[in-house]
Amino acid sequence: MKKLLLLSLILISLSCSKKAKFSIVPKITYNSLQPQILKAGASNGGTTISFFFEDGDGDIGFGTNNLYLKDSRDSSIIQMKIPEIPSAYSPKNGIKGMITVDYLSALLTLRPDTAHINSDTLRWEIYMKDKAGHQSNTIVTDSLYLFK
C-alpha cells in the first residue's frame with residue numbers, strides 16, 4: 001500500500017562550489033500542503049506536501065528509506081525513499097531544492113472511534129536522514145481535514 005505514494009524530487013538549484021555552502025546535517029523548511037480538505041478513502045485525488053531542503057554533502061538520496069512522515073493522530077510513521085541524485089549534479093558539493101510528496105486519498109482513513117465517524121484532522125511531522133545518518137530538523141504540516 002505504501003508503494004502507492006509518489007515521491008518526486010525537484011531540484012531548484014545546486015551548489016557549484018567545491019566547498020559546501022550548507023551544513024552536512026540536512027535542513028528542511030515547510031512550504032505547503034494542498035489541498036487541505038479531502039474525502040477520506042477516495043479512489044482518486046490526494047494531497048501534495050512540499051518542502052525545501054539543503055544538505056552540505058548532498059548525500060540525501062541513497063536508495064533506502066530516508067524520509068519519515070509521522071501521523072499526529074496515532075504517531076504511526078510512513079517511511080519513503082528520496083530518489084538518488086545523479087552524480088552529474090555534483091551533489092557532494094552541496095545541494096538544495098524542493099521535495100514534493102503526493103499522498104493518495106485512498107490511503108487516508110477516518111479514525112474508527114465515534115468522535116471521528118464523519119470527519120477527522122491530521123498533521124504530519126516530517127524529517128529526513130542522509131546516508132551518513134545525520135537527521136534533519138522536524139517540520140510540521142498544516143492541518144489536513146478529512147471528511148466521509
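Could you work out, for segment 89-131, what percent of all Cα-Cα pairs fall into each 5 Å distance bin, beginning at 0 Å and stopping at the bin that holds the largest distance?
Per 5 Å bin, starting at zero, the Cα-Cα P(r) for segment 89-131 comes out as 5, 11, 18, 17, 13, 10, 9, 7, 5, 4, 1 percent.
Show me 69-79, 54-64 ranked by packing, highest mean number of other Cβ atoms within 10 Å first.
Values: 69-79: 13.5, 54-64: 20.4.
Top to bottom by mean Cβ count within 10 Å: 54-64, 69-79.
Counting Lys and Arg as +1 and Asp and Glu as -1, each charge on the Cβ, what is the dipole of the chain about the Cα centre in debye, to the nearest 20? All intermediate terms of the calculation are to be shown ahead of the outcome.
Working: 17 positive and 13 negative charges, 45 e Å.
For this selection, approximately 220 debye.
Can you tell me the relative contact order of the chain? Whole percent, Cα pairs under 8 Å, sequence separation 6 or more. Walk me through the intermediate numbers first.
Details: 385 pairs, mean separation 51.9, N = 148.
With pairs under 8 Å counted, the relative contact order is 35 percent.
Can you grab the distance from the C-alpha centre of segment 21-92 to the C-alpha centre of segment 114-148, Å, no decimals?
11
Identify the residues of segment 43-68 with backbone N under 15 Å of a label point that sits 7 angstrom from the Cα of residue 24 along the Cα-to-Cβ direction, or state none.
Flagged as within label range: 55-60.
In a Debye calculation with equal point scatterers on the alpha-carbon sites of segment 20-75 and no solvent, what is log10 I(q)/I(0) at q = 0.14, 0.24, 0.25 Å⁻¹?
-0.58, -1.10, -1.13
So how many Lys-Lys pairs in segment 58-148 land under 27 Å Cα to Cα, not counting same-chain pairs under 8 apart?
13
Quickly work out the residue 102-to-residue 36 label distance, labels modelled 7 Å from Cα along the C-beta direction, and quote it in nm with one decimal.
The two pseudo-label positions are separated by 2.3 nm.
Ratio of alpha-carbon Rg to the 2.2 N^0.38 Å globular estimate for segment 50-104, to two decimals, please.
1.27
Viscosity 1.567 mPa s, temperature 4 °C: give me the Stokes-Einstein translational D for the chain in µm²/s, with Rh taken as the Kirkwood radius over C-alpha pairs. List each step's numbers first, then the result.
Numbers: Rh = 16.0 Å.
D = 81 µm²/s.
Using a 7 Å offset from the Cα along the Cα-to-Cβ direction at both residue 92 and residue 122, what is the distance between the two label points in nm, to one decimal?
Here the modelled spin labels are 4.0 nm apart.
Each reported figure results from applying straightforward, stated rules to the coordinates on display, with no laboratory input. Because the structure is predicted, anything quoted here is derived from the model rather than measured. Methodologically, a virtual Cβ is constructed for each residue, glycine included, from the backbone with ideal geometry; neighbour enumeration extends over all protein chains shown.
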